[in-house]
Protein chains: 2
Amino acid sequence: MINKLVDKIKKVDAPIVVGLDPMMNYIPEHITKAAFAEYGETLEGAAEAIWQYNKGIVDATYDIIPAVKPQIAMYEQFGIEGLKAFQKTVDYCKSKDLVVIGDVKRGDIGSTSQAYAIAHLGKVQVGTKKISVFNEDFATVNPYLGSDGINPFIDVCKEENKGIFILVKTSNPSSGEFQDQLVNGRPLYELVGEQVAKWGETHMGNDYSYVGAVVGATYPEMGKILRKLMPKTYILVPGYGAQGGTAKDLAPYFNEDGLGAIVNSSRGIIAAYKQEKYASFGALNYADASRQAVIDMVEEIRGVLKK
Amino acid sequence: MINKLVDKIKKVDAPIVVGLDPMMNYIPEHITKAAFAEYGETLEGAAEAIWQYNKGIVDATYDIIPAVKPQIAMYEQFGIEGLKAFQKTVDYCKSKDLVVIGDVKRGDIGSTSQAYAIAHLGKVQVGTKKISVFNEDFATVNPYLGSDGINPFIDVCKEENKGIFILVKTSNPSSGEFQDQLVNGRPLYELVGEQVAKWGETHMGNDYSYVGAVVGATYPEMGKILRKLMPKTYILVPGYGAQGGTAKDLAPYFNEDGLGAIVNSSRGIIAAYKQEKYASFGALNYADASRQAVIDMVEEIRGVLKK
């Protein structure tokens, strides 16, 4: 799956991923109104609005992007109905041949970690049958519990040719509270990064590992160091746009082959029509605004990578 | 809710929580057979088996335990149908007046962390309505992302009078890979523990905070230190029984008031009938075996606390 991700990034020449993190206040009124008219102000109504909103964005962008990253929390908050919309979104994106990164940040140990891996990447045994569940292509995973948490994911990844992205240095302001603490003079995130590189060696694709890392765009100096520590690791880069990361901050995350990183934008793409820059599209044409925002983002990043 | 948890622990005189972590191979054949006969070897069939299995255990133990801790991964691996069984289990346990600790180990930042908090502890806004979702009483949370990840949970906890347990030192063998790294001569888990105590001060119950900690039974020396660092923090203690923690290891986790800790057992209770000790109950009476295992566990812990 890492090979497919790299191939798709090359094919569309766009090292980006669209974060499908629907918030109710992003969804244009005409969609919410129609969903509530059919299902009422219920969890089903909310889930229907989310699904229709996502579908519009995917239909308008799937030919120019390699991947999507649905954030499961935004679905989970609507309970079972929300999770049905998550599953529908995953399935639909896969039918459009997009690589799907489930942003689930799960992390536990042993058989529990295995259960999460099965839920998101594998197949569950039911009697004599093996059944796919949410079936994303990649999942994000939290490293705090160590190898006992990561290895069960890697085992499932090996069986299924799938991958994970492990949190190393997150994009948020308080990420340093624990991640930046110095251990023998070096920040903890470097230790985690080194360990990610080691875990990655156990499941390699052609040029990159199936085991990737999450490093926020908001810390380019740290990105530079981590890039060197993890040369075969694909880096998923959140924090571009709304969180403050700019295109020029992104260069250090890439290798000299122009690969090795995939930059996420969520709000900046899916709610583009709410920005002044794209306001002329109007809420009805929100998906066209998203397409334009993708084009602009890709152009910005290409500009930086050419330098 | 922390007050309710403490009251319930006092009332049944049992500082324990039953981990409802159903694995298919724990479930007695008569239950699985009946479920597959009705729904086939499907996710629905697996979910029905899990639900019936849980219900049996809850019916047999609810009057002698204060709380349950369903591990959501074990449900999530069966997808939407599994999560319906999770929700049914939570609802049923609450109808039996048990405190429900959702072992979800979620952790993200900002609005995403808020969405998880809403999913598990709060109410979601849908149009003009606010709707409860999974509605556990407590949730477990991962601290790796720092305050940006924890504060949205605390905000929802304040609104709802609910609580969280933050991972500090987990029970697994590799937990030390990152958690034990020395920062200025002190292990990272101590820093996390101190921060948990600080977060806890912002949302206090009568004697203990709504913000608890997870510290594994397998590291009693560390438990002793963390108990002192976090005097007002309730400690959720996994790792007793199957993972190797023994009753005598538990004393340091408690305060002198005999409170301050709640010990989890999952497999040791819910699959008790599979142990030689309880084999005479037989698979048909698995729930009675679970009840006896609860009685024995409570007696063991009481013995240690009296010393």
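Observations on the structure shown:
- Inter-copy label distances at B:PRO173, shortest first and taken from points set 7 Å along Cα to Cβ: 4.3 nm.
- Close lysine pairs were tallied over the stretch B:132-265: pairs 8 or more places apart or on different chains with Cα atoms under 19 Å apart number 15.
- Relative contact order (percent, whole number), the stretch A:239-307, Cα cutoff 8 Å, 6+ residue spacing: 32
- Mean ellipticity per residue at 222 nm, deg cm²/dmol - from DSSP H runs of n ≥ 4 across chain A, formula -39500 (n - 2.57): -14000 deg cm²/dmol
- Shielding of A:121-131 by partner chains, average beta-carbon count, 10 Å: 5
- Ranking of A:MET297, B:MET230 by neighbouring Cβ atoms within 10 Å, starting from the fewest: A:MET297, B:MET230.
- R0 of 30 Å, Cβ-Cβ distance B:ASP296-A:GLN125: FRET efficiency to nearest 0.05: 0.45
- Neighbour counts of other Cβ atoms within 10 Å put A:TYR92, A:TYR240 in the fewest-to-most order A:TYR92, A:TYR240.
- The 3J(HN,Hα) values that the Karplus relation (6.51, -1.76, 1.60; θ = phi - 60°) gives for the stretch B:36-48 are, in residue order, 5, 4, 7, 10, x, 7, 10, 4, 4, x, 4, 5, 5 Hz. Gly and Pro appear as x.
- Working from Cα pairs under 8 Å separated by at least six residues, relative contact order for the stretch B:11-130 is 26 percent.
- In plain terms, if you count all Cα to Cα distances in the stretch A:234-307 and split them into 5 Å steps from zero, the share in each step is 3, 17, 26, 22, 15, 10, 5, 2, 0 percent.
- Percent RCO, i.e. relative contact order, over chain B, from Cα pairs under 8 Å lying at least 6 residues apart: 18
- Whole-Hz ³J(HN,Hα) from phi, Karplus 6.51 cos²θ - 1.76 cosθ + 1.60, for the stretch A:186-191, glycine and proline x: 10, x, 3, 4, 5, 4
- Charge context of B:GLN275, other residues only, Cβ under 11 angstrom, K/R +1, D/E -1: +1
- ³J(HN,Hα), Karplus 6.51/-1.76/1.60, whole Hz, each residue of the stretch B:12-22, x for Gly, Pro: 8, 6, 8, x, 10, 9, 8, x, 8, 10, x
- Loop-located GluC sites (Glu not before Pro) in the stretch B:234-307, at most 10 other Cβ atoms within 10 Å (DSSP): B:GLU256
- Label geometry 7 Å along the beta-carbon vector: B:ALA34 inter-copy distances in nm: 4.6
- Members of B:LYS69/B:LYS306; B:LYS8/B:LYS94; A:LYS69/B:LYS88 lying beyond 22 Å, as alpha-carbon distances in this model show: B:LYS69/B:LYS306; A:LYS69/B:LYS88
- Label-point spacing for A:GLU159 across the identical copies (point 7 Å from Cα in the Cβ direction), in nm and ascending order: 3.9.
- Stokes-Einstein D for chain A, Kirkwood Rh over Cα pairs, 4 °C, 1.567 mPa s (µm²/s): 66
- Between A:LYS33 and B:ALA37, the C-beta separation translates, for a Förster distance of 56 Å, into a calculated FRET efficiency of about 0.80.
- Globularity index of the protein assembly as shown is 0.94 (Cα radius of gyration / 2.2 N^0.38 Å, N = number of residues).
- Between amide H atoms placed 1.01 Å from N, distances below 5 Å from A:VAL214 occur with A:ILE166, A:LEU167, A:VAL168, A:LYS169, A:LEU236, all of them 5 or more places distant or on a separate chain.
FYI, it's all coordinate maths here, none of it is from the lab. Keep in mind that this is a model prediction, so the values were computed, not measured. Using ideal geometry, Cβ is built from the backbone for each residue, glycine included, and neighbour counts are taken over all protein chains shown.
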